1. Give me the one-decimal nm value for the distance between modelled label points at Q69 and T400, 7 Å along each residue's Cα-to-Cβ direction.
2. With θ set to phi - 60°, apply the Karplus curve 6.51 cos²θ - 1.76 cosθ + 1.60 along region 45-60 and write out the HN-Hα couplings as whole Hz, x wherever there is a Gly or Pro.
3. List the relative contact order of the chain as a percent without decimals, with contacts defined as Cα pairs under 8 Å and 6+ residues apart.
4. What does DSSP give for the chain in terms of the percent of beta bridges that are antiparallel, rounded to the nearest 5?
5. If you plug each phi of region 378-386 into the Karplus form 6.51 cos²θ - 1.76 cosθ + 1.60 with θ = phi - 60°, what whole-Hz ³J(HN,Hα) values come out, in order, with x for Gly and Pro?
6. Taking the simple approach of a point 7 Å from Cα along Cα-to-Cβ for both R546 and L429, what is their distance in nm?
7. About the Cα centre of the chain, what is the dipole size in debye to 20, counting +1 per Lys and Arg Cβ and -1 per Asp and Glu Cβ, all else neutral?
8. Measure nothing fancy, just the Cα-based angle from helix 531-546's long axis to the longest principal axis of the chain, in degrees from 0 to 90, nearest 10.
Amino acid sequence: MKKHFLKITFVILLAMTFAASGFAADEPLPRPPLAKKTAKELVAHGHARSDEYYWLNQRENPDVIAYLQAENAYTDAVMKPAAGLREALYKEMVGRMQQSDMSVPYFENGYWYYTRFEKGKEYPVHCRKKKSIKGAEQVLLDGNRMAGNEKYFHIGSFAVSPDNATLAYSVDTVSRRQYRLRFRCLKTGKEYAEEIRMTAGRMAWAGDSRTVFYPVIDPETLRSYKVMRHRLGAPAASDVAVYEEKDETFDVGIGLSRSRRFLLLASRSTLSDEYRFLDAARPDGEFAVFQPRARNLEYSIDHLNGRFFVLTNDRAVNFRLMEAAEDRTHREHWRELIGHRADVLLEDFELFNGFLVLSERRSGLTQVRVLPWGDAEGYAIDFPEQAFMAYPAFTAEPATELMRFSYTSLTTPSSLFEFNMKTRERRLLKRQEVLGGYRPEDYATERLMAPAYDGTPVPVSLVYRKGTPKGAATPLLLYGYGSYGASTDPAFSPVRLSLLDRGFIFAIAHVRGGQEMGRAWYDDGKLFKKMNTFTDFISCAEYLVRRGYTSPAKLFASGGSAGGLLMGAVANLRPDLFRGIVAAVPFVDVVTTMLDPSIPLTTSEYDEWGDPNQAACYDYMLSYSPYDNVRAKDYPALLVTTGLHDSQVQYFEPAKWVARLRALKTDDNVLLLRTNMEAGHGGASGRFRRLQEVAFEYAFLLGLAQEK
């Protein structure tokens with residue numbers, strides 16, 4: 001490996017250069033760092049591509065770290081004039097937060113469980129009380145004490161043994177999804193000696209309260225590929241593998257059924273699932289295959305009251321619900337409970353002794369449907385707004401008529417309700433408190449349908465403060481994602497008020513690649529139809545301009561991860577349409593990443609993006625990959641963020657993209673790369689540090705929006 005690839009030279013520029021970009025400075029600023037070019041030829045299917053910044057993938061190379069630090073220094077210098085605005089934004093966001101807060105307790109196996117936050121502290125405190133919520137508190141996990149001086153800290157998950165005596169929990173201090181599994185005696189508070197490393201962060205107890213099952217990850221690809229069985233108190237080296245997934249396009253997980261009778265081991269890929277099950281009272285037994293995997297057969301299972309329930313796409317694009325006997329679980333024995341509907345996507349289900357609760361999506365909006373057993377139709381819970389998000393919340397015990405559901409909209413803070421499934425009465429248990437005098441009636445929402453290039457109507461959700469003028473001078477931030485079938489629902493955000501109160505309109509483009517309009521919406525935005533995601537977003541932006549909400553001079557876009565891919569593609573396709581773009585942890589080097597099976601998530605996502613080892617997939621992916629399509633032309637102002645330890649989108653993708661943009665773009669618009677050297681895909685840990693990152697992004701947008 002050659003050293004000293006990078007030589008960074010700072011050349012002083014006039015402050016007026018940055019004033020023209022909306023970032024006026026009181027003193028001269030350095031020229032942005034330029035990454036050294038070291039051409040590497042990448043060849044596939046007879047195509048040769050030169051990647052002059054390929055060397056940036058060397059995470060341990062001091063020159064790489066120096067380059068990232070130089071970019072951070074440049075970003076800090078450019079954003080220095082906005083320091084006051086950033087601080088004001090941060091204080092606003094903190095000021096809206098109820099710092100001393102507590103979740104609504106839920107009852108499970110003799111205890112009330114809840115999470116609380118303490119004023120001024122970053123991390124949650126997980127607690128329980130026995131029998132009565134007025135009883136003495138037992139702290140299970142205090143994230144603030146456990147974090148200590150760690151620069152990153154995250155509690156993955158935790159589970160209490162059936163006898164309520166032992167806590168299993170996982171912790172990540174790197175931000176790379178490499179969780180350490182620990183155990184604590186809840187009677188004495190003492191930790192067990194064993195610590196299990198390189199786990200996926202999840203676990204499930206067997207019925208004996210001595211046996212725990214957990215998935216482990218591959219140290220290189222981070223794929224969850226094997227499920228282990230651990231005996232409490234035994235060394236980790238003695239743990240036994242109960243299942244290993246050999247297919248690199250699948251990963252594994254473990255959990256308990258609703259009845260707690262069965263351990264459920266899932267092998268899942270983009271287009272295929274396979275479950276195994278084991279009586280939780282027989283942890284030394286063998287897992288049985290529920291239904292063997294088959295290409296394009298997706299299913300998930302649960303169990304209650306002596307039977308299995310199966311959510312599947314078998315002869316049902318929008319999924320249907322089946323049931324199966326415990327001893328006859330293969331597909332030929334499944335019996336239909338809820339049939340396929342062309343206009344309704346069946347997303348999930350919850351089981352109660354007397355009721356079945358369905359999570360559905362109709363006309364792009366979520367709904368919650370309740371069916372008493374034996375009633376084929378049931379009823380949908382009604383909601384007052386035109387655009388909202390509603391879904392069943394965790395209800396621990398199935399032997400109840402009281403179900404919890406969550407509700408939110410672009411103007412309604414997150415709200416938890418208790419709903420009587422028999423009488424249909426609802427009771428508000430908790431609504432997210434927004435300090436500072438927030439009034440929902442001061443804001444307005446709209447839902448539009450923008451025609452895509454092929455005529456397909458694409459939903460757009462908007463929110464703004466009442467009285468905000470609509471016109472060419474109005475700043476508008478358009479957000480999009482559009483991948484993995486993940487729908488972007490119109491949910492409330494208290495931090496977003498800092499933009500709305502400064503005259504911004506916020507909009508969500510519900511583009512294809514998500515699942516808002518049914519399963520076909522997802523299928524039409526992946527693989528060889530991926531370009532629909534990008535053109536849908538552009539169509540939504542053009543529609544908002546045509547309708548007079550804003551103009552290209554005041555139109556901004558944002559997206560993260562796969563939504564960052566969307567931002568990169570849009571920047572290449574229609575740079576003239578946007579004044580500025582925020583691309584968070586963006587997946588922008590599609591072809592090179594998907595050609596490298598050692599990179600996390602690569603092999604498991606061939607069915608999402610395509611396998612570039614196949615010529616047709618390679619050519620199509622190359623046609624839209626943002627890094628490969630940077631050209632010598634004008635681009636919008638760009639803020640690109642990443643994390644050095646990102647496990648989902650490696651830091652070097654956005655770093656390479658920015659380096660190539662710096663070398664080729666022909667404009668004077670600001671281009672910033674900000675790398676969190678201590679975090680990964682989700683950014684900083686801790687509720688206050690996250691707000692600092694949001695304040696930085698908002699200051700970037702507001703600086704551009706305030707240009708004349």
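1. If labels sit at Q69 and T400, their model points lie 5.3 nm apart.
2. Once θ is set to phi - 60°, the couplings for region 45-60 become 6, x, 8, 10, 10, 8, 10, 6, 10, 4, 4, 5, 7, 8, 4, 8 Hz.
3. Computed value for the chain: 10 percent relative contact order.
4. Antiparallel bridges: around 85 percent, rounded to the nearest 5.
5. x, 8, 9, 6, 8, 10, x, 9, 7
6. About 4.6 nm separates the two model spin labels.
7. With Lys and Arg at +1 and Asp and Glu at -1, about 1480 debye.
8. 60
Values in this text are rule-based calculations from the coordinates and carry no lab data. Since the model is a prediction, treat every value here as computed from it, not as a measurement. Glycine gets a Cβ as well: all are built from the backbone with ideal geometry, and neighbour counts include every protein chain shown.
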